[in-house]
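Single-structure report; data block below.
What follows is calculated from the coordinates using simple rules that are stated; it is not laboratory data. Here the structure is a predicted model, which is why all the values come from computation and not from measurement. In this analysis, Cβ positions are derived from the backbone assuming ideal geometry, glycine residues included, and neighbour counts consider all displayed protein chains.
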Amino acid sequence: MKSDLAIHAEGIGKQYRIGAQQKSYSTLRESLVDLSRNAAGAVRGGLKELRQRRENNSFWALKDISFEIKRGDVVGIVGSNGAGKSTLLKVLSRITDPTVGFVDLRGRVGSLLEVGTGFHPELTGRENIFLNGAILGMPRSVVKKQFDAIVDFAGVERFVDTPVKRYSSGMYLRLAFAVAAHLEPEILLVDEVLAVGDVQFQNKCIGKMESVAKEGRTVLFVSHNMAAIRSLCTRGIMLRSGQVVSQGDVQTVIQDYYADLGLLGSNEPSEDQDGRSVFGRVVLDSGDSNSLNQSEPFELSTTFKLDTAVSGFRLFCLFSDMRNQQLIAVCKTSEELGFRDEVPAGKHRVSVNFPALWLSPGMYSVYFKMMMADVDTSKHQSNAFPLDVFGDSSPVDAMINPNTNWTVQTSDDTRSNAWQLKTSIQTS
Ligand SMILES: Nc1ncnc2c1ncn2[C@@H]1O[C@H](COP(=O)(O)OP(=O)(O)OP(=O)(O)O)[C@@H](O)[C@H]1O
């Protein structure tokens with residue numbers, strides 16, 4: 001393996017049996033039971049038949065996966081449900097073996113693949129931290145040095161001597177993440193931690209992964225949260241049906257993922273019933289991109305064509321989220337746009353300037369719609385423009401998170417109104 005590489009995967013395939021119980025981490029006892037069942041089956045049906053039965057009932061969760069990841073790369077792994085993301089991380093972390101192909105990893109691996117992986121339920125938080133350190137091959141003194149930071153990050157000070165089986169799922173997750181991220185792994189594999197836990201903890205996790213990445217360590221991160229993938233990762237790998245269908249720059253991979261989900265619309269000129277194009281393409285800031293920083297003003301423009309003069313119209317610009325909920329609607333009449341008596345036939349270009357909208361990161365769909373004043377059945381709509389907003393996530397699950405000024409004044413005397421300025425902060 002080349003010296004600048006952390007991971008080299010070559011032709012990995014993973015075959016599972018259909019209908020096999022979904023159990024990712026079998027205990028030694030379960031493995032022994034499985035082994036004896038298979039052995040008994042082999043004696044009864046003959047080895048050949050057993051092998052054949054396995055072939056027929058099997059499918060490939062991963063197929064011919066090859067990639068190289070450089071040391072210090074932070075890679076987002078995306079794909080829809082069942083695409084094979086978790087299986088890939090399990091193969092990389094050696095929890096499961098590939099059926100074919102090989103993986104070369106250079107460096108100590110820390111992984112958080114499922115909540116509490118590697119935790120023993122009967123042991124306390126403290127004991128599990130040291131157990132995980134030992135599994136990672138770290139000297140006890142190094143684990144000791146990190147111990148307080150782990151407990152502090154996880155916020156489990158009061159429960160550190162309680163068996164983890166008594167932890168809430170949130171505490172379990174926080175401790176598991178803290179252990180995986182603090183025990184100085186050279187390669188950190190993290191699977192969808194952000195699906196659980198509150199937004200504050202999610203942001204804390206992203207912050208920690210960022211600092212792991214800044215220290216030049218390699219991070220592989222599986223998530224369905226594209227805002228998190230974009231803020232954390234520089235590169236991406238997209239899986240579909242167990243195969244790599246896109247890899248490279250994270251922005252491109254996210255776009256491919258959205259396109260795969262059918263979220264991008266066509267943004268081609270729209271056509272009315274007669275097959276004539278009415279609206280042209282929708283364009284952001286006169287460019288080709290559809291990425292928008294939530295904190296910046298922007299301009300949307302399009303063209304529309306009228307075959308004959310009309311007495312007037314109302315023109316809308318509308319934003320919806322991915323659940324098709326309308327979020328923003330702005331509208332002007334042709335009069336307000338400067339057309340006096342009628343709007344002449346021909347092609348017209350219209351631009352709308354928006355202030356920073358502070359939308360939460362994610363995909364939005366924007367389109368223009370026109371309603372003619374004299375023919376009320378006549379509505380024309382542009383195709384949807386996929387607006388990809390990036391920036392900071394809201395501290396709670398909200399759509400808009402504007403920049404605000406906060407001031408706190410305090411008075412020593414509860415009866416007086418002699419306020420003294422305590423804090424004045426600007427937040428976003
Ligand atoms: N132990 C197993 N036995 C049999 N099939 C399995 C096993 N683990 C995963 N699979 C199957 O392999 C395929 C890939 O699963 P995997 O969990 O890797 O997908 P994923 O991309 O992580 O999905 P999600 O986003 O829903 O977590 C799925 O069809 C899944 O049902």
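Within the same chain, lysines fewer than 8 places from Lys305 are excluded, and of the rest, those with a Cα less than 24 Å from its Cα are Lys332, Lys347, Lys369, Lys379. How much FRET efficiency would the formula 1/(1 + (r/R0)^6) give for Leu123 and Arg94, where r is the Cβ-Cβ distance and R0 is 30 Å, rounded to 0.05? The value I calculate is 0.85.
Take 210-223, 407-420, 154-167 and order them by the average number of nearby Cβ atoms within 10 Å per residue, most first; the result is 210-223, 154-167, 407-420.
Here are some pairs, Lys90/Lys145; Lys14/Lys70; Lys2/Lys204; Lys14/Lys144; Lys14/Lys145; which of them have Cα atoms lying more than 32 Å apart in this structure? Walk me through the numbers on the way to the answer.
Details: Lys90/Lys145 29 Å; Lys14/Lys70 23 Å; Lys2/Lys204 34 Å; Lys14/Lys144 38 Å; Lys14/Lys145 39 Å.
Over 32 Å apart, Cα to Cα: Lys2/Lys204; Lys14/Lys144; Lys14/Lys145.
Kirkwood radius for the stretch 283-390, taken over all pairs of different Cα atoms as the inverse mean of 1/r, rounds to 14.8 Å.
Under 5 Å between amide hydrogens, built in the peptide plane, is the criterion, and for Ala6 it picks out Ile69, Lys70, Arg71 among residues at least 5 positions away or on other chains. In this structure, Arg71 and Thr404 have a Cβ-Cβ separation that, at R0 = 41 Å, corresponds to a calculated FRET efficiency of about 0.50. Scanning residues 5 or more positions from Leu292 or on other chains, those with amide H under 5 Å from its amide H are Asp388, Val389, Phe390, with H placed 1.01 Å from N in the peptide plane. Highest mean packing first, where packing is the average number of other Cβ atoms within 10 Å per residue, the peptides 299-309, 168-178, 329-339 line up as 168-178, 299-309, 329-339.
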